[in-house]
Amino acid sequence: MRIAINCRIVNKRHGGPRRFLLNIIKTLASIDKKNEYFLVLDKKTEFSFKLPRNFHLRILSTSSRILFEYIYFPRYIIRTNPDITLFPDPAFAPYIPGYKITIIHDIIYFEKDHKREFKFLENYHHKLMIPICTRLADVNLCVSRFTQDRVKKLLNCKNTNVIYEGVENSFQRIQDENKIN
């Protein structure tokens, strides 16, 4: 199977979605030597783990999110023709062909009293595109039951499944009394 992953957030955000995606890639790289993966980025990235031969990096160089998401990435997907395309952000170009999976971490854009600071255009873009894309996606993976419930209620989206976020090895019980104190 050929699987493309939009990895743009690896270079853009240093939060939960980036960590989630890197851990998915790292885990797949350690357990899957059969399927072919196409990791698509907007600039060169050094991963902190080794990628096996069935993982291919494709750099679609641009500093523009709009060009990457709506022109370069869709054109690459059309040419590459993967069996599955994974989007770690639930907003994508609606004309991307094939089986599409999104990962939804939250839908704060649709909460009534959201006070998070987003750029005006980013907020507008997500409010417009997320409802469209969640309906076009074959599967929407939510990172919690709470997020799934919000997606169903606020976006009226039925095709959701929960895939819980894992715990990294760096999170462990502290045994050293000095560290605890």
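Find me the longest stretch of the chain that has none of the exposed GluC sites (Glu not before Pro), where exposed means in a DSSP loop (not H, G, I, E or B) with at most 15 other Cβ atoms within 10 Å.
47-110
Apply the Karplus curve 6.51 cos²θ - 1.76 cosθ + 1.60, θ = phi - 60°, to the phi angles in the range 149-154 and return the couplings in whole Hz, x for Gly and Pro.
For the range 149-154, the Karplus curve yields 4, 5, 4, 5, 6, 7 Hz.
I'd like the projected area of the range 2-180, averaged over all directions, using the convex hull of its alpha carbons. Report it in nm² with one decimal.
With every direction weighted equally, the projected area is 12.4 nm².
How large is ³J(HN,Hα) for each residue in the range 170-181, as worked out from phi by the Karplus curve 6.51 cos²θ - 1.76 cosθ + 1.60 (θ = phi - 60°), to whole Hz, x for Gly and Pro?
Result, ordered by residue: 5, 9, 8, 5, 7, 9, 6, 4, 4, 5, 5, 5 Hz.
Can you work out ³J(HN,Hα) from phi for every residue in the range 35-46, in order, using Karplus 6.51 cos²θ - 1.76 cosθ + 1.60 and θ = phi - 60°, giving whole Hz and x for Gly and Pro?
Whole-Hz 3J(HN,Hα) from phi for the range 35-46: 6, 9, 10, 10, 8, 9, 10, 9, 7, 4, 9, 9.
Taking amide hydrogens as modeled 1.01 Å from N in the peptide plane, which residues meet the under 5 Å criterion relative to Asp89, leaving out close sequence neighbours?
Ile103
What share of the DSSP beta bridges in the range 2-180 is antiparallel, in percent to the nearest 5?
0 percent
Loop-only trypsin sites (Lys or Arg not before Pro) in the range 45-82, please: DSSP not H, G, I, E or B, and at most 10 other Cβ atoms within 10 Å.
Sites meeting the loop and neighbour criteria: Lys50, Arg53.
Exceeding 25 Å between C-alpha atoms, which entries from my cross-link table qualify? They are Lys100/Lys152; Lys12/Lys179; Lys26/Lys153; Lys12/Lys50; Lys43/Lys158.
Lys12/Lys179; Lys26/Lys153; Lys43/Lys158
Since every read-out is calculated from the coordinates, none of them should be taken as a lab result. Model, not experiment: these values are computed from the prediction. As a convention, Cβ positions derive from the backbone with ideal geometry for all residues, glycine included, and neighbour counts pool all protein chains shown.
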